[in-house]
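Before any comments, here is the structure.
All of the numbers you see were taken from the coordinates with simple rules; none came from a lab. Here the structure is a predicted model, which is why all the values come from computation and not from measurement.
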Amino acid sequence: MSGHDARTVATGPTAGGHAARVGPTTPVPTGGARSRTPDPDGGARSRPATEVGPTTPDPAGDARSRATTAGTVGYAQLWRADPGAWLAAGAAWRGLAGPVRGRAAGLAAHAGVLRPGWAGSASAAAQRRIGELRTTLTDVLPVLFEVDQALAEFAARMSVAKARLGAEVARAESGGLAVDRTGAVRADPTRPSDRVGPAVVGARAGIHGALALAGAADREAAGRLDALATAAVTGWVSVPPARRPGPGAGPAEVSRWWAGLSPAERRWLVGREPGRIGRLDGVPAGARDQANRVLLTDRREEFLARRRALLRPLPAGPLEVTRRARLARVEAALGGLDGLGERLATPGAPRAYLLGFDPAGDGRAVLALGNPDRAGAVLTYVPGMTTDLADAPAELGRAARVLERCAAVGPGEETAAVLWLDYDAPDFLPEASSARQAEDAGPALHRFQEGLRATHEGPPARQTVLGHSYGSLVVGAAARDHGLAADALVFVGSPGVGVDHAAELRMPAGRVWASTAPDDVIRLVREPDELARRAVLAGTPLGPVLAVLDPHAERLWFGADPSAPGFGGRRFPSARHGHTGYWDPDNPALDGMARIVLGR
């Protein structure tokens, strides 16, 4: 893609005194005949024109491939576009965070060596200069993630545009129309013209819609990269005003505060206050991801230092027992952080966004696949008991399966999924028998959903909140007590959601869905007094008759069964896949979840 030269961001001295290359040469997507593919070593290889580029619609409504209007995308160019190349370019930039951190750490180590044996004004000046160089390097870290996001989101939208184009062409051809290599739609002359005319118009409109989406993505990505190229000259960061949102500030207020900051001020906050920005509902997902990726490495270094301090055994006794317990907790936290890091480094689509994490205790994490601020449909998935930080990558895999099924059901739809594990999930059955932890999670889930509404770009997204097992109680309690910014609530494998009827969840009629597999053991979960009553009745001659007439037959541990007819919600089927198989590929429940997310 031409229109701009490929730019390389450079900052900081190398050992030889030359400018250190921070990133690979990145092609700026602004529509042209050739582009350069970045490699991780900073080089750029020219390749033939297979990327998106300009196009001019002809007067008859056909999408020609003539490159005459910058920032538009032609039919043939979109067919040949390779979104994977842009994902790889973003990953190359993201991968430079490690070397940049290493260089910054090396400067700090050199400063530490110099400090004991050197005093005076020259020493102070040297230390100050080393500190400035280190700060210059660390200021680049959010930028590396920002470039990665811009390219990954461009790739995602190009993938959606290609899927839409493919669907439109397939629809046209199945209707007896012909679409040539330039995108021109022609009618079959043997068909009656009164029937063909509207079909041709519809096909042309669909194809142009896909090309328009690709062109808009191309222009937007070019603008984002241009702004970063300018910031490389004018300065990455600048100190923001002292005001910060107070502890009681809602997501809408936080969003207004963030909108009032310049990009350079935002980068300053991301780099210097990542702990605040990374968990702040109302801050866009992109900035939270940048902050949390910075913070993740810092937290890991802290735990590694703790681990080193705890490795030396103590004499047998209470202190040694305490040391081993502390070491086990540190090892568990490191394992969870490393699992997060591995998932964040996984190449390919959709890109993961780290919206929050906490290694304390069992650990917490909020992870998104795709940018929820830019998707037309967003799923928030709340897992159930025993889930901790170490389980986050596997639980995110369930959300990924829903997205994959969404892509199959609705090609060309922009979707994102969030794993919301920002609560203390019960570890054992005695804990899971109480609603306390679910009720404690309610305010945080309410704020998170409000934050998704506040930061979303463009028309409001369709928001779906899904809870599994104990997670369904978390969702139900939050909806009942606080309300949820959602267009649909979904419960699978639920032990009850804290209410006896769907109307108590503050959702419009028809917006609450549930599914329970025929062989899910959750169907046997009953309140203790109900279990005792059933045990007594089972030993009487009238027991079987009374069981059929039992008015409490649909009650579970935490209220009415949301998948029962009397609950007042809508049901979708599940095959016999037990308590954890709702996401199995051959389970119709997976298809049901995808259709609800898409609003179908």
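The figures follow:
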item	result
For segment 345-425, Kirkwood radius (reciprocal of mean inverse C-alpha pair distance, Å)	12.9
All-pairs alpha carbon distance profile, segment 372-414, 5 Å steps from 0, percent	5, 19, 26, 22, 14, 9, 5, 0
Rounded if a/c under 1.5, otherwise prolate or oblate - segment 251-598, Cα gyration tensor axes	oblate
Volume in Å³ per residue [convex hull over Cα atoms, computed for segment 363-503]	104
Placed amide H near Asp520: partners under 5 Å, 5+ positions off or other chain	Gly578
Cα-based Rg and Dmax for segment 75-234, where Dmax is the largest Cα-Cα distance (Å)	26.6, 94
Under-5 Å amide H pairs with Val490, H placed in peptide plane, nonlocal only	Val465, Leu466, Gly467, Trp513
